[in-house]
Amino acid sequence: MASLKDMRNRIASVKATRKITKAMQMVAAAKLRRAQEAATAARPYAERMAEVLGSLASKVADKNGASPLLVGTGKDQVHLLIVMTAERGLCGGFNSNIAKLARADANRLIANGKTVKILTVGRKGADNLRRDLGRNIVERKDFQGVRQLTFSHAEGLAKRVLEMFEAGEFDIATLYFSEFKSVITQKPTALQLIPATVSEAPGGAAAKGAAAAVHEYEPSEEEVLGFLLSRNISTQIFRGLLENSASFYGSQMTAMDNATRNAGDMINKLTIKYNRQRQANITKELIEIISGAEAV
């Protein structure tokens, strides 16, 4: 049985840990609001971009010379998985859930005889996938030390992906990130980037009830579509980064809140155990004193 001193030290240690988890929870809550606003603001732009691509693709997809970013290379042998996670842990199952989805898809593709290449964005993704799929990781991108992710970071990633595609290093590219739903809910998501997935009926229900608008493009539709396809990759990657950031802080806030509560419960249990053992020691000493006095 641990001594009273050991139990006091353990209670003090758990209290110090609770202060740290409480502070991390407050920091995550403060950063979550800004990250959530950024992710929410990026969604309409990304969705509208998909609608415009769908409108243009319906006009030029069947023409000769359509961009490979839209119609693909005609093969699906080599797959590039872009797995985006966080640089840090202490966020519950946030990183492992994204890696789990990517690992399942990678194993399924490998079982079907496909070649899988992985580009990780974030230190935790590489660490999580290194054991099972380490030889499939072709490149790592870390943003450790970057205080705030901007569109320039997404453009750099998109440029690298396009360089690999133009060099014929893969046929299909899929982006993995966590879509922010709420503080307690983050959904691991897989989004195909190349070839681009476009809606067959852009505009949704609102467009069906309205008269179809006629647009004239200058320069040609093919040139506009080619530019938008490249821009769409940067846009979707940036959206994924923002969604990941909001999901990370939401998951971290929840994890630190649970840790703080658990630390409080542990302190209560240790305090009760400490008081009982202290009372037992006092009672034992009193019995020894009384027994000694009676013996005299």
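How much accessible area per residue does the chain have, in Å², with a 1.4 Å probe? Intermediate results must be reported in sequence, preceding the final value.
Numbers: 17040 Å² over 296 residues.
On a per-residue basis, 58 Å².
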With Cα springs under 10 Å, the Gaussian network model of the chain assigns the largest mean-square fluctuation among Arg131, Arg43, Arg147 to Arg147
If exposed means GluC sites (Glu not before Pro) lying in a DSSP loop and surrounded by at most 10 other beta carbons within 10 Å, then the longest stretch of the chain lacking such sites spans residues 1-199
Helix 123-133: inclination vs the chain longest Cα principal axis, degrees, rounded to 10, gives 80
Residues whose built amide H sits under 5 Å from the amide H of Thr189, excluding neighbours closer than 5 in sequence, are Phe177, Ser178, Glu179
Restricted to pairs 8 or more residues apart or on different chains, the lysines in the stretch 65-152 with C-alpha atoms under 24 Å apart form a number of pairs equal to 9
In debye to the nearest 20, the charge dipole size for the chain, taken about the Cα centre with +1 at each Lys and Arg Cβ and -1 at each Asp and Glu Cβ, equals 1820
Simple spin-label estimate for Ala2/Arg278, 7 Å along Cα→Cβ, in nm, reads 1.5
Pseudo-spin-label distance Leu286 to Ala29, built 7 Å along Cα→Cβ, given in nm, is 4.4
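Starting from the Kirkwood radius over alpha-carbon pairs of the chain, derive D by Stokes-Einstein at 37 °C in a medium of 0.692 mPa s and give it in µm² s⁻¹.
Diffusion coefficient, whole number: 144 µm²/s.
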Treating only Lys and Arg (+1) and Asp and Glu (-1) as charged, each at its beta carbon, one finds that the stretch 12-160 has a dipole about its Cα centre, in Debye to the nearest 20, of 740
HN-Hα couplings for the stretch 171-188 via Karplus (6.51, -1.76, 1.60; θ = phi - 60°), in whole Hz with x for Gly/Pro, come out as 10, 10, 10, 10, 9, 10, 7, 10, 7, 7, 9, 7, 4, 9, 10, 10, 9, x
Quotient of Cα radius of gyration and Kirkwood radius for the stretch 1-155, i.e. Rg/Rh, equals 1.13
Whole-Hz Karplus couplings 3J(HN,Hα) for the stretch 260-268, θ = phi - 60° and coefficients 6.51, -1.76, 1.60, Gly and Pro as x, run 5, 5, 5, 5, x, 5, 5, 4, 4
Summing -39500 (n - 2.57) over every DSSP H run of at least 4 residues in the chain and dividing by its residue count gives a helix-only mean residue ellipticity at 222 nm, to the nearest 500 deg cm²/dmol, of -22500 deg cm²/dmol
Carbon/sulfur accessible area of the chain, % of total, 1.4 Å probe, equals 52
Per the rule of 0.36 nm per residue minus the C-alpha distance, extending Lys181 to Tyr45 adds in nm 47.2 nm
For the stretch 8-166 the mean separation of alpha carbon contacts under 8 Å (6+ apart) over residue count, i.e. relative contact order in percent, is 17
Evaluated at 37 °C and 0.692 mPa s, the Stokes-Einstein D of the stretch 81-175 based on the Kirkwood radius over Cα pairs, in µm²/s, stands at 235
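Between Glu223 and Glu37, what's the calculated FRET efficiency when r is the beta-carbon distance and R0 is 35 Å? Round to 0.05.
It comes out at approximately 0.50.
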Nearest 10, in degrees from 0 to 90: the angle of helix 94-111 to the longest Cα principal axis of the chain is 50
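The values are calculated or read from the model by the stated rules, or taken from the named source; none is laboratory data. As the structure is a computational prediction, the values presented were derived from the model and not from experiment. Every residue, glycine among them, receives a Cβ derived from its backbone with ideal geometry; neighbour counts consider all protein chains shown. All accessible areas refer to the heavy atoms of the entire protein, side chains included, with ligands and DNA or RNA removed. Shrake-Rupley method; radii C 1.70, N 1.55, O 1.52, S 1.80 Å.
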